[in-house]
Amino acid sequence: MTGLSDFFNRPINYLRISVTDRCNLRCVYCMPLEGVAPLPHGEILSYEEICLVARAASELGISKVRLTGGEPLVRAHLSGLIGMLAEVEGIDDLSLTTNGVLLSRYARELKAAGLKRVNISLDSLQPDRFEQITRIGKLEDTLLGIEAAQAAGLQPIKINMVVMGGVNDDEIADFARLTREEGWHVRFIEFMPIGGLQTTDYRLQTSDYRLQTTDSRLQTEELVPISEIVERIESLGILEPRSLDGNGPARYFHLPHAKGTIGFISPVSEHFCFKCNRLRLTAEGKLRSCLLADEEIDLREPLRRGASVDELKRLIEQATEAKPEGHKLECGTTARNRTMCQIGG
Ligand code: SAM
Ligand code: SF4
């Protein structure tokens, strides 16, 4: 097995696989209200095709795989895919990012199939606000999903909160307190404008809510920089550095006497491109080397004409070589051909 690295000598060992572009929620920062025109089933990679890509990737040195979407749990029999990926030699970390709505139904089955851990997205602890941000979600469903994941032993569970100024930033301390009271691992993520959603068409309707950015530059209103989030949390106590299993860009800390950790992901204010270790596979089989750049390599056509694992490996290497040095989000340059739910976050 050889290690995969890009032109800038970054080791690439992590593949995020989007298994569907469909979702049972409509989060304002991710999807338009009407949803995105769903891909016909025939255009989505089958589980066998996904596994072939994972095998080729693992032979190149990818050892960490995360399933995402859309909402991965709306795809039928996801535990079947988990079971197949768990058998792929070389993949030693298999995880899932979910909105948690369906976890109470599937957590045990996923764990039994070989899933190691989950990240659960939760942007508000207030039922009304949760419903406004997700447009159709019920807070109770996601909270039950978190409990089910805990009971099934899908550890560590990380809670992802996208912080949006004027929308949910007044809940930063409430989330931080849960690292002490419930032992939760909470990660605060800066809001990113992506995929043409950075326009007024997805502004929340309530006057208190101001989600609005321009095409050219991020308005400071929505972007609450990590430095400000840290300041607000430190009103509860001094943050001390702490480590936590993971593959990603988060920096972890903890509050005094807290069992849980606090992570910060700052794609905009302090971007971490210099240590980016990932590739992304979209639901219809496009390989992307950067979340925020539109360049893609198609793997579905070669897969469907019977490409060998070696041919897939060459295409994966080609995508890796084309990985850009970094994004230019702070200048308003972002992915335009897809919304977040079509890429997988
Ligand atoms: N449906 C699953 C979920 O919500 O966790 C997985 C897919 S979702 C696209 C993956 C992650 O991307 C979520 O944690 C979500 O909060 C995050 N995300 C989506 N749009 C975002 C944006 N504009 N800025 C920052 N994070 C975003
Ligand atoms: Fe769906 Fe996740 Fe996007 Fe929300 S963030 S609309 S749950 S894909």
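The table below gives the values:
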{"item": "Every pair of residues 6+ apart whose Cβ atoms lie under 6 Å, when the first sits in the range 117-138 and is without any contact (Cβ under 8 Å) to a residue 40 or more places away in the chain and more than 12 Å from ligand 1 (Cβ to nearest atom) while the second is of a type outside the set (S, T, N, Q) and part of a helix (DSSP H, G or I)", "result": "P127/L139; F130/L139"}
{"item": "In the range 279-306, residue least open to solvent (accessible area, probe 1.4 Å) [restricted to those that are out of contact with any Cys (no Cβ under 9 Å at 6 or more places or on another chain) and among the basic types (K, R)]", "result": "R288"}
{"item": "Some residue of the range 163-183 being within 24 Å of C341 (Cα to Cα), of a type in the set (A, V, I, L, M) and open to solvent by 20 Å² or more (accessible area, probe 1.4 Å)", "result": "no"}
{"item": "Qualifying positions in the range 115-147 - open to solvent by less than 20 Å² (accessible area, probe 1.4 Å) and either more than 13 Å from V28 (Cβ to Cβ) or hydroxyl-bearing (S, T, Y) (or both)", "result": "L115, R117, V118, N119, I120, L122, S124, T134, L139, T142, G145, I146"}
{"item": "Any pair with Cβ under 7 angstrom, 6 or more apart, that starts in the range 173-190 at a residue that is small (G, A, S) and ends at one that is surrounded by fewer than 18 Cβ atoms within 10 Å (Cβ to Cβ)", "result": "A173/R232; A173/S235; A173/L236; A176/L236; G183/K259"}
{"item": "The range 41-57: number of residues that are without any contact (Cβ under 8 Å) to a residue 40 or more places away in the chain and either in contact with a Phe, Trp or Tyr (Cβ under 6 Å, 6 or more places away or on another chain) or farther than 28 Å from D141 by Cα (or both)", "result": "5"}
{"item": "Residues being touching a Ser or Thr at 6+ places or on another chain (Cβ under 9 Å) and either of a type in the set (D, E, K, R) or not in a loop (DSSP other than H, G, I, E, B) (or both) - total across the range 18-32", "result": "3"}
{"item": "Filter pass, G35 being surrounded by fewer than 20 Cβ atoms within 10 Å (Cβ to Cβ) and part of a helix (DSSP H, G or I)", "result": "no"}
{"item": "Only one of L39, L33 that is within 12 Å of ligand 2 (Cβ to nearest atom) and farther than 26 Å from A112 by Cα", "result": "L33"}
{"item": "Residues of the range 44-93 satisfying the condition of being touching a Leu at 6+ places or on another chain (Cβ under 7 Å), surrounded by 21 or more Cβ atoms within 10 Å (Cβ to Cβ) and of a type in the set (V, I, T)", "result": "I50, V53, I62, V65, I82"}
{"item": "Residue check, V101 open to solvent by less than 60 Å² (accessible area, probe 1.4 Å), in contact with a Phe, Trp or Tyr (Cβ under 8 Å, 6 or more places away or on another chain) and within 16 Å of ligand 2 (Cβ to nearest atom)", "result": "no"}
{"item": "Selection count where residues are within 15 Å of ligand 1 (Cβ to nearest atom) and not small (G, A, S), scope the range 84-99", "result": "4"}
{"item": "Filter result (open to solvent by less than 10 Å² (accessible area, probe 1.4 Å) and within 14 Å of A319 (Cα to Cα)) within the range 7-32", "result": "I12, Y14, L15"}
{"item": "Residue within the range 206-222 that is open to solvent by less than 20 Å² (accessible area, probe 1.4 Å) and at pLDDT 60 or above present", "result": "yes"}
{"item": "Complete set of residues in the range 1-24 that are out of contact with any strand residue (DSSP E or B) (no Cβ under 9 Å at 6 or more places or on another chain) and in contact (Cβ under 8 Å) with a residue 40 or more places away in the chain", "result": "M1, T2, D6, F7, F8, R10, T20, D21, R22, C23, N24"}
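The values are calculated or read from the model by the stated rules, or taken from the named source; none is laboratory data. All values derive from a computational prediction rather than experimental measurement. Every residue, glycine as well, gets a Cβ built from its backbone with ideal geometry; the counts of neighbours run over all protein chains shown. We work out accessible area using only protein heavy atoms, side chains counted, and drop any ligands, DNA or RNA first. Shrake-Rupley method; radii C 1.70, N 1.55, O 1.52, S 1.80 Å.
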